[in-house]
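**Q** Pasting in a structure now, in structure tokens, and then I'll have a few things to ask.
Computed from the coordinates by the stated procedures, all read-outs in this text should not be read as laboratory data. Quantities reported herein were computed from a predicted structural model and do not represent experimental measurements. Positions of Cβ are generated from backbone atoms using ideal geometry, with glycine treated the same way; all protein chains shown enter the neighbour counts.
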Amino acid sequence: MQTYLKLNDGTEIPQFGLGVYQVPEGEMTYNAVLDALKMGVRHIDTAHAYQNERSVGRAVRASGVPRKEIWITSKLWPSEYSEGKTEKAIEKMLARLDTDYIDLLLLHQQFGDYIGAWKDMQKAVRAGKVRSIGISNFESERLEEICEFAEIKPSVLQVECHPYYPQNELKKRIAKYGTVIESWYPIGHGDKGLISEPLFTRLAEKYRKSNVQIILRWHIQEGNIVFPKTTNIQHMRDNFDIFDFELTAEEMAEIKKLDYHKRFYNMTLEQQEASLGSWQPAD
Ligand SMILES: NC(=O)c1ccc[n+]([C@@H]2O[C@H](COP(=O)([O-])OP(=O)(O)OC[C@H]3O[C@@H](n4cnc5c(N)ncnc54)[C@H](OP(=O)(O)O)[C@@H]3O)[C@@H](O)[C@H]2O)c1
């Protein structure tokens, strides 16, 4: 049975989902989301920047699964931040997703007028257009700035997180706000070195699972929310098939020793801001 986590605002999020970063708009996204929903996955992680929200919305409709059983997360881009502007951006997002409400809306990046955006996101929660709000990629002191400012505290913080970079320090910083980690690059963006780590091979043999399933199971037991990306149906089935076994406390402790402080996405705050440049997603 898949697990749900209660967030700091009382909503219950499916702990496992499908991520659709870098999945092209159109049939690829539509089919991946539909396949996931058919196999029982109830959580989709998209973003305006991924430019595939329309296909997510189409697949949700076509699935026949009641809307209230599906958790849809999307993210606002910095070009959409500031009071008034964010309110309009949320309306456009609702139209692209073809839905009456968004389950979880995130600030995608820690740049621009994120405080102004947060004000509108709080209004959207009060208006019933968004159920839960959170942040992504806030790892600088801007994390505390927004958390202290917020009347509705961020329910989640979505960041790079996997056994080589388990975000233990960040977890301590967000604990007082009741915020939980959502892991991006949960299997290192498919990194072969991480996946073929001998410890995972040993545990995979023990549990008759794959190395990727061991990593994903670790995320679940760590209390992370996780949504690996895949468009391969066998990978999708395998990734979701992690709720029938449990790693022991000793095995979790062994995995903890793999914290090499190794990121797969390495950029300083300045480099990140420069890399975003003036790019903005099309409506
Ligand atoms: N907020 C942010 O800034 C941010 C940044 C990055 C990602 N994200 C979110 O996090 C999600 C996951 O991150 P990600 O897609 O970059 O990385 P990931 O989920 O760690 O890795 C995806 C890669 O792993 C492969 N894969 C998936 N399942 C597999 C399996 N069972 N066996 C072997 N290979 C497998 C996929 O290829 P196949 O398709 O061939 O299976 C793909 O190449 C994204 O889709 C997005 O929703 C958010």
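**Q** Not counting the cut sites, what is the longest span of the chain without chymotrypsin sites (Phe, Trp or Tyr not before Pro) that DSSP labels loop and that have at most 11 other Cβ atoms within 10 Å?
**A** In the chain, the maximal stretch lacking such sites is 1-259.
**Q** Evaluate the distance, in nm, between pseudo-label points positioned 7 Å from the Cα of LYS257 and of LYS206 along their respective Cα→Cβ axes.
**A** Output for this residue pair reads 1.2 nm.
**Q** Give, rounded to the nearest 20 debye, the magnitude of the charge dipole that the chain has about its Cα centre when Lys and Arg contribute +1 at Cβ and Asp and Glu contribute -1 at Cβ.
**A** 540
**Q** Let me ask another. Amide H of LYS229: which non-local residues (sequence gap of 5 or more, or other chain) have their own amide H closer than 5 Å, using H built in the peptide plane?
**A** Residues meeting the amide H criterion: GLY19.
**Q** Short version: ³J(HN,Hα) in whole Hz for each residue of segment 193-200, in order, from phi by Karplus 6.51 cos²θ - 1.76 cosθ + 1.60 (θ = phi - 60°), x for Gly and Pro, what are they?
**A** Coupling constants for segment 193-200: x, 5, 5, 8, 3, x, 4, 5 Hz.
**Q** Using the Cα gyration tensor of segment 1-87, with a ≥ b ≥ c the square roots of its eigenvalues, what is the shape: rounded (a/c below 1.5), prolate (a/b larger than b/c) or oblate (neither)?
**A** On the way: a/c = 2.04, a/b = 1.16, b/c = 1.76.
Since a/c reaches 1.5 but b/c is at least a/b, the shape of segment 1-87 is classed as oblate.
**Q** Quick one: which residues, 5 or more positions from TRP71 or on another chain, have an amide H under 5 Å from its amide H? H modelled 1.01 Å from N in the peptide plane, none for Pro or chain starts.
**A** So TRP71 has HN proximity to HIS43, ILE44.
**Q** Also, I was wondering about something else. Taking H as built 1.01 Å from N, whose amide H comes closer than 5 Å to the amide H of GLU160, not counting residues under 5 places away?
**A** Sorted by chain and number, the residues that satisfy this are TRP184.
**Q** May I have the convex hull volume per residue, in Å³, for the Cα set of the chain?
**A** Convex hull volume per residue, Cα atoms: 122 Å³.
**Q** Cα centroid distance between segment 169-238 and segment 106-161, in Å?
**A** 24
**Q** What's log10 of I(q)/I(0) for segment 142-217 at q = 0.11 Å⁻¹, Debye sum over Cα points only, no solvent?
**A** The computed values of log10 I(q)/I(0) come out as -0.38.
**Q** Could I have the simple spin-label model distance between LYS88 and ALA175, label points 7 Å from Cα toward Cβ, reported in nm to one decimal?
**A** 4.4
**Q** Ranked highest first by the average count of other Cβ atoms within 10 Å around their residues, in what order do 53-62, 124-133 fall? It would help to have the intermediate numbers written out before the result.
**A** On the way: 53-62: 21.2, 124-133: 18.3.
Descending packing order for the listed peptides: 53-62, 124-133.
**Q** In segment 4-274, what percentage of the DSSP-assigned beta bridges are antiparallel, given to the nearest 5?
**A** Values: 4 of 29 bridges.
The answer is about 15 percent antiparallel.
**Q** Moving on. Could you identify which residue out of ASN31, ASN239, ASN266 has the top mean-square fluctuation in a GNM of the chain using Cα springs shorter than 10 Å?
**A** ASN266
**Q** Report the residues of segment 7-35 in range of a label on ASP244: point 7 Å along Cα→C-beta, backbone N strictly under 20 Å from it.
**A** What the label zone holds, given the 20 Å backbone N cut-off, is 15-17.
**Q** Which length gain, in nm to one decimal place, applies between LYS68 and LEU199 when the Cα-Cα distance is subtracted from 0.36 nm times their residue separation?
**A** Using 0.36 nm per residue and subtracting the Cα-Cα distance, I get 43.2 nm.
**Q** Using the basic label-point model (7 angstrom from Cα toward the beta carbon), what is the LYS192 to GLN51 distance in nanometres?
**A** Between LYS192 and GLN51, the simple spin-label model gives 3.0 nm.
**Q** Tell me, what HN-Hα J-couplings in whole Hz come from the Karplus equation 6.51 cos²θ - 1.76 cosθ + 1.60 at θ = phi - 60° for each residue of segment 138-146, using x for Gly and Pro?
**A** For segment 138-146, the Karplus curve yields 8, 10, 7, 5, 5, 4, 5, 4, 6 Hz.
**Q** Assuming 0.36 nm per residue, please report the length gained on full extension of the stretch TRP279 to ILE233 beyond their Cα-Cα distance.
**A** 13.3 nm
**Q** Summing Lys, Arg as +1 and Asp, Glu as -1, what charge do residues with Cβ under 12 Å from the Cβ of LYS176 carry, LYS176 excluded?
**A** On the way: positive: LYS153, LYS171, LYS172, ARG173; negative: GLU144, GLU148.
Spelling it out: positives minus negatives among the neighbours equals +2.
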